[in-house]
Amino acid sequence: MRVLHWLVTSVALGLVAAPALAQSQQQQQQAQQLQLFTGEEPLEETRKDIKKDNVKLDALPTQVRTSIEGWAQGRKIEKVEQISAGGQVQYKAHLDKNGKKLELLLNSQGKVLRAGKEAT
C-alpha cells in the first residue's frame, strides 16, 4: 500500500513540477538573452557618422578576438567589421555554420552587446 501511495504521489508531483520547470528554463533563457542586449547602444543605431572597415582576426584587440573565437565554436568566422564613430569603436562578427548565420556585436573590450541572426 505504501508503494502505491508513493507511486501516486511521485506521478502527481511530476505532473505539477514539469510545467513549472519548463517555465523556469524558459525564463532563464530569456534572462540570458536580455543580458546580451543591455549596456552600450549599437553605434549603427545611434550615430549617423559611422565608419565601417573590415578587419582581419589577427588585427583585433586580444579580448575581442578571444570573445569571437569563444562564440565561434566550430562556426566559420566569415568577416569582422570595425564600426567607429566619435572616438567609440565596436566590432561586428559574422559567423556561419552550415548556412546558419550568427552575428555578434562587441564593444572594444570584447563584451558581447548583441547576438543573433542580425545583431543590430
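Sorted largest first, the principal axis extents computed over the alpha-carbon atoms of the stretch 42-85 equal 34, 18, 18 Å. Going Cα to Cα from Lys97, which lysines come in below 26 Å? Please leave out same-chain ones fewer than 8 positions away. Result set, ordered by chain and number: Lys52, Lys56, Lys76, Lys79, Lys111, Lys117. Applied to the stretch 58-65, the Karplus parametrisation 6.51 cos²θ - 1.76 cosθ + 1.60 on θ = phi - 60° returns per-residue 3J(HN,Hα) values of 6, 9, 7, x, 3, 5, 5, 4 Hz, with x for Gly and Pro. Taking amide H as placed 1.01 Å from N in the peptide plane, Ile50 has no amide H partner under 5 Å among residues 5 or more places away or on another chain. Between amide H atoms placed 1.01 Å from N, distances below 5 Å from Lys79 occur with His94, all of them 5 or more places distant or on a separate chain. Within the straight-line cut-off of under 22 Å between alpha carbons, the lysines reachable from Lys48 are Lys92, sequence neighbours fewer than 8 places apart in one chain being disregarded.
Let me check I've understood the local charge: for Gln82, count other residues with C-beta under 13 angstrom from its C-beta, Lys and Arg +1, Asp and Glu -1. What total comes out? Net local charge, Gln82 excluded: +3.
Each value in this text was obtained by applying a stated rule to the coordinates, not by laboratory testing. What you see is a predicted model; the values in this text were computed from it and never measured. Here Cβ is always computed from backbone atoms with ideal geometry, including for glycine, and neighbour counts include all displayed protein chains.
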